[in-house]
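Here is the structure we will look at, set down as structure tokens.
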Amino acid sequence: MLSKELTAFLTVADHIGPRFAASPGLFMSSFASLKKHWYWAGVLALGAAVAAVALAAPAKISRIELEREASLAAARLNALMLQEPETLSQAIGAPSGAQAFAGILAKAGYGDRALRYALYDHNGRLVYTGGVGALPLEKDLGAALATPAPEDAKVTLYERSDAAPTNFAALALPLAPGGDPRGTLVVYLDQTDQAKVLAGYFGWVTTGLLLLLGAGIAVLAVLGWMRGRESRQTKAQLRYLEQHDALTRLANRQAFSDSLNKAVARLHRDCASIAVLCLDIDNFNKINHAVDHSGGDQVLRDLGARIQAALREGDLVGRSGGDEFAVALVDIANLSEVMSFMNRLVEMLRRPLVVAGKELIVTVSAGAALAPADGEDAATLLRHAAIALTRAKRDGGQRMCFYEESMNKALQRRRMVEHELRLALGRGEFEVVYQPQFDLATERQCGSEALIRWHHPVHGKIAPAHFIAVAEDTGLIVPLGEWVLRRACNDAVKWPEPLFVSVNLSPAQFREGDVAALVAGVLEETGLAPQRLELEITENLLINDTEEVLATLDRLRHLGVNIAMDDFGTGYSSLSFLARFPFSKIKIDRQFVRNMTRDPAMRAIVKTVIALGKSLDVVITAEGVETEEQADMLREFGCPQVQGFLYGYPGPVDTSLMELSGNVTPIGVGRHTA
Ligand code: C2E
Ligand code: CA
Ligand code: CA
């Protein structure tokens, strides 16, 4: 039967953590970023330069325009005065005659724009001043312009923002009738209106220019962004191609090895193993021949997809070349999990593949190696799995073989455990560690589960998965279980209220001893309040001798202790047991929690069990919570309690700390502080 299970009709499957290729060096990347920054710095500098010109140029052009207008006025006045030398001489001759200048200004058309005019003699002394009242000049501009008397007309512009007139020009006109320099006439010409017109005109021009500039920069920015996006996409594509097999879209051998190495490095302490499988299609040559190459490609793609569908979350798959695939089953406790995977795959391969109108049944062979027993790096593990695969092929295909070494080691270990287990209790090689359980709503610790650890002087840490079954087979579980219970109650009585302790009970303890009497005795002896003790039993306990077991459970319940259903969903019992015994707690097995984020069916089961707990008034604890994503989902479903690496690893209790603080301190190695 077993060999039939081992026999595998297999089709084979894309997910693997992206492998980041070692980039061609820091230099290239910093050069690239420099290039990118230069582009943006260039665009910004150009933009700033154009904006500065757009803002400064109008003022400059207005000034030139006003100067031109003032010079024109000076030239006109000069010409008029030369046309009437008589009047000029008269005007210069006596201060009273200076009024005649008003006439000249009016004649030239500047009557109402001349703010004021001043006459200076050839020594620069003010002789006469007329027109509008005094202008608020900081210094006597006219005197400065008139000393010494200029040879040509001179123009000086004046501009202020605080009072009217805002703009005016001082025109210094030399007075030299008949070539004889007699003095200077300074005319202050109002240019406020002219300046206003120019400012209005250039305001529009500047706005237009700035808008154009903004649009230009926006276009450049969009172009730059598009170019950047294109190059990012290209890079991502390149990285994808570098790590994936083009045909099946699975990780290629290199990427698979990298992820496997990471997984091996993460292997949790003494808890688990990784199974590495090499899968190979039986008689792929014949298939290729029958359906030609494109058909063969389709077979490979389909097999890839089916392998992937048979994996659990976190497992790895890759195409290692030709018709070979590599799979890594991470975090497995025993070989039956490898069997389950193979069975799932075989089940999927029963469905024929339709290629080019033909129905094909594809079968595969597999070789398996285990980490850490058969190797602690990807290369060694893959090599050993390939050796096992060769044997599976040699034996006729459609089967799975384990790498010899691991089989030997597994057998050796079993014999060693059988032999040493008897002595270990007396030698004090066991320890009880505690893993915290948390109330999900308050994020506070509510209790801890007691988990046994075996520290072998030669073989190091031995996981419960390796010795609990042996202890059950040999009956040693009875004294071992008693020891754990006593130790756990002794420890828990020192914990702050209302923290509880959970202790696992094996079916053998029910069969071969009087559990109820033991529990009553230990409670009395240690003084632990019964409601602070929780006993975890599995569904399997309830398959045989149900009446007797139910009677014992009833006696335990009447002592006041709580009874929890452990690993719910993995055993063979049915929901009817829940109706026959009033459990105080149901613990959802970690395989459901692990898979629920990606598998809708698992999610539905978890959600339903939580709802069931509510309606039966039973506390639900989700086991194996490792990620925030899982915790969020459980919170959304209203799960009351959680346990898992996210909340704390199993660890020793720091009783001294608890006694001193008197506060709730995580029992076990908590990550959260309670
Ligand atoms: P269990 O009762 O289901 O205990 C929980 C197991 O899951 C523990 O393994 C714990 O280390 C592991 N675990 C907890 N959180 C996580 C997580 O987030 N991710 C993963 N991957 N694992 C997590 P451990 O200590 O190796 O124990 C294995 C099993 O051995 C226990 O499963 C229990 O069935 C049995 N066991 C342990 N101690 C005792 C004991 O004193 N008596 C009996 N009868 N059985 C025990
Ligand atoms: Ca348990
Ligand atoms: Ca469990």
Review point. Taking D599, is it open to solvent by 30 Å² or more (accessible area, probe 1.4 Å), away from ligand 1 (no atom under 16 Å from the Cβ), acidic (D, E) and under 21 Å from A309 (Cβ atoms)?
Key: yes
Practice item. Out of G613, G624, G651, G668, report the one residue that is closer than 26 Å to K461 by Cα, modelled with pLDDT of 90 or more and within 16 Å of ligand 3 (Cβ to nearest atom). Key: G624
Check your understanding: Taking the condition in a helix (DSSP H, G or I), within 16 Å of ligand 3 (Cβ to nearest atom), modelled with pLDDT of 95 or more and closer than 22 Å to L556 by Cα, does V484 pass?
Key -> yes
Exercise for review: Looking only at segment 71-86, decide whether some residue is buried (at least 16 other Cβ atoms within 10 Å of the Cβ), under 20 Å from A195 (Cα atoms), in contact with a Ser or Thr (Cβ under 7 Å, 6 or more places away or on another chain) and of a type outside the set (D, E, K, R).
Suggested key: no
Check your understanding: Out of curiosity, is A94 over 60 Å from the mean Cα position of the chain (by Cα), under 21 Å from A169 (Cα atoms), surrounded by fewer than 16 Cβ atoms within 10 Å (Cβ to Cβ) and not β-branched (V, I, T)?
Key -> no
Practice item. Just need a number here: residues in segment 184-209 that are more than 30 Å from L88 (Cα to Cα) and in a loop (DSSP other than H, G, I, E, B). Key: 0
Revision key, fill the gap. E534 fails exactly one of (1) outside any helix (DSSP H, G or I); (2) more than 16 Å from ligand 2 (Cβ to nearest atom); (3) open to solvent by less than 40 Å² (accessible area, probe 1.4 Å), namely (2)
Check your understanding: Going by the conditions given, is R391 in contact with a strand residue (DSSP E or B) (Cβ under 9 Å, 6 or more places away or on another chain), part of a helix (DSSP H, G or I) and open to solvent by 10 Å² or more (accessible area, probe 1.4 Å)?
Key -> yes
Check your understanding: Residues in segment 279-309 that are buried (at least 17 other Cβ atoms within 10 Å of the Cβ), out of contact with any Asp or Glu (no Cβ under 6 Å at 6 or more places or on another chain) and not in a helix (DSSP H, G or I): how many?
Key -> 2
Check your understanding: What do you reckon, is L329 within 16 Å of ligand 1 (Cβ to nearest atom) and either modelled with pLDDT of 90 or more or open to solvent by less than 20 Å² (accessible area, probe 1.4 Å) (or both)?
Key -> yes
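Would you check which residues across segment 347-365 are open to solvent by less than 10 Å² (accessible area, probe 1.4 Å) and either within 16 Å of ligand 3 (Cβ to nearest atom) or over 16 Å from V317 (Cα atoms) (or both) and list them? Step through it out loud before you land on a result.
From segment 347-365, those open to solvent by less than 10 Å² (accessible area, probe 1.4 Å) are 349, 353, 355, 362, 364-365; that's our starting set.
Within segment 347-365, L349, L353, V355, V362 qualify.
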Check your understanding: Somewhere in segment 551-566, is a residue open to solvent by less than 40 Å² (accessible area, probe 1.4 Å), part of a helix (DSSP H, G or I) and out of contact with any strand residue (DSSP E or B) (no Cβ under 8 Å at 6 or more places or on another chain)?
Key -> yes
Revision key, fill the gap. Selection over segment 518-539 where residues are more than 16 Å from A551 (Cα to Cα) and away from ligand 1 (no atom under 16 Å from the Cβ) yields a count of 11
Point to revise | Filtered residue count, segment 446-474, keeping only those that are within 13 Å of ligand 1 (Cβ to nearest atom), of a type outside the set (D, E) and either within 19 Å of G644 (Cβ to Cβ) or not in a strand (DSSP E or B) (or both) | key: 14
Review point. So, in segment 496-517, of the ones that are over 50 Å from the mean Cα position of the chain (by Cα) and either of a type in the set (G, A, S) or more than 15 Å from E548 (Cα to Cα) (or both), which residue ends up surrounded by the fewest Cβ atoms within 10 Å (Cβ to Cβ)?
Key: A517
Study note, to complete from the structure: Residue pairs within 8 Å by beta carbon, gap of at least six or interchain, first lying in segment 604-625 and open to solvent by 70 Å² or more (accessible area, probe 1.4 Å), second more than 16 Å from ligand 2 (Cβ to nearest atom), listed first then second, are I605/M596; K607/F637; K614/G638; L616/L578
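The values are calculated or read from the model by the stated rules, or taken from the named source; none is laboratory data. A quick note: this is a predicted structure, and the numbers were derived from the prediction, not measured. Cβ coordinates were reconstructed from backbone atoms using ideal geometry, including for glycine residues, and neighbour counts include every protein chain displayed. Only protein heavy atoms, including side chains, enter the accessible area calculation; ligands, DNA and RNA are left aside. Shrake-Rupley method; radii C 1.70, N 1.55, O 1.52, S 1.80 Å.
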